[in-house]
Amino acid sequence: MSTLLAEKDLPTELTPEGAVEAAYARELAEVASKLNRGLPTLLECDKDLAPFVFINLRARLKESGMVCKYLDGRPREKEAQGPVPVGLMGTMINQLRDAVRGSTEQVDKQGRPVRVVIVLPHLDLLTTSQGGLTSEAREVIVLLYENPTIVFLGFKDPSFPVPKVIHDLFAHHESILGVGRERLQYLVTQKESRKLGRGLDPYQLYKY
């Protein structure tokens, strides 16, 4: 049985956001479902993929009435800056401290409560260390366990291990690594397929 796909059956155009949805729709739906149920989730994926994954999950959670608080270390407009710069890691820890110890409740325009997901795009960098835990990692661990009502979404790159105490905090773990061969037909455009010969065989392409 031939596995060749005709060029007309392939997408004509594909955005990065559309590619993420086409490649990982099942995994992302599972993550959104767990977060919607209040389960902290640790998501493993490559660093360059993480921003696009977050955009997809943010849209899914918005449909469920949830909002995301994204703690990436960039100062917010109303955040006071001290006399001594604390750097990216220090700013992320400060943002995490404010999120954990401040109010995690928000309301919409009608005054109804909105559920919040705290997103940690660089959880691995905050907690990874050679040998024993750094003082920053110890503080992050304390903060993550301080308020059990908070729903966290943490990202980790496969090349960075996280301490077991952090790993165990998350009730659900999801890994997005590589692309399933059955999804390749949705990720190669018609123009791209012409460079590979007549027709596209995703099972031949997969090994590359």
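Stretched out straight at 0.36 nm per residue, the stretch from ALA6 to GLU146 would grow longer than its current Cα-Cα span by 44.9 nm. Among the lysines of the chain, pairs that are 8 or more positions apart or on different chains and have alpha carbons within less than 19 Å of each other number 13. Net charge near ASP157, counting Lys/Arg +1 and Asp/Glu -1 over other residues with Cβ under 10 Å of its Cβ? Local charge sum for ASP157: -2. A full extension of the chain between GLU17 and ARG97 corresponds to an added length of 25.7 nm, given 0.36 nm per residue minus the alpha carbon distance. In a fully extended conformation the segment linking ASP46 and ASP168 would gain 41.8 nm over its present Cα-Cα distance, using 0.36 nm per residue. Take the Cα of ARG26, step 7 Å toward its Cβ, do the same at GLU139, and the gap between the two points is 4.2 nm. Here each label is just a point 7 Å from Cα along the line to Cβ, and for ILE55 and ARG76 those points are 2.3 nm apart.
Dipole size of the stretch 8-57 about its Cα centre, with +1 on Lys/Arg Cβ and -1 on Asp/Glu Cβ: approximately 240 debye, rounded to the nearest 20. Can you tally the net charge around HIS167? Count Lys and Arg as +1, Asp and Glu as -1, for every other residue whose Cβ sits under 15 Å from the Cβ of HIS167. In short, -3.
For the chain, the mean residue ellipticity at 222 nm estimated from helices alone is -11500 deg cm²/dmol, where every DSSP H run of n ≥ 4 contributes -39500 (n - 2.57) and the total is divided by all residues, rounded to the nearest 500. Its residue count N fixes a reference of 2.2 N^0.38 Å for the chain, and the Cα radius of gyration divided by that reference is 1.21.
In this simple spin-label model, placing a label point 7 Å from the Cα along the Cα-to-Cβ direction at both GLU182 and LEU205 gives a separation of 1.7 nm.
Basic side chains Lys and Arg get +1 at the Cβ, acidic Asp and Glu get -1 at the Cβ, and with that the dipole of the chain about its Cα centre reaches some 280 debye. Working note: Debye formula, equal point scatterers on the alpha-carbon atoms of the stretch 166-208, no solvent; log10 I(q)/I(0) at q = 0.14, 0.17, 0.18, 0.19 Å⁻¹ is -0.46, -0.56, -0.59, -0.62.
Any read-out appearing in this document is the output of simple, stated calculations on the displayed coordinates, not a laboratory observation. A quick note: this is a predicted structure, and the numbers were derived from the prediction, not measured. FYI the Cβ positions are ideal-geometry reconstructions off the backbone, even for glycines, and counts take in every protein chain you see.
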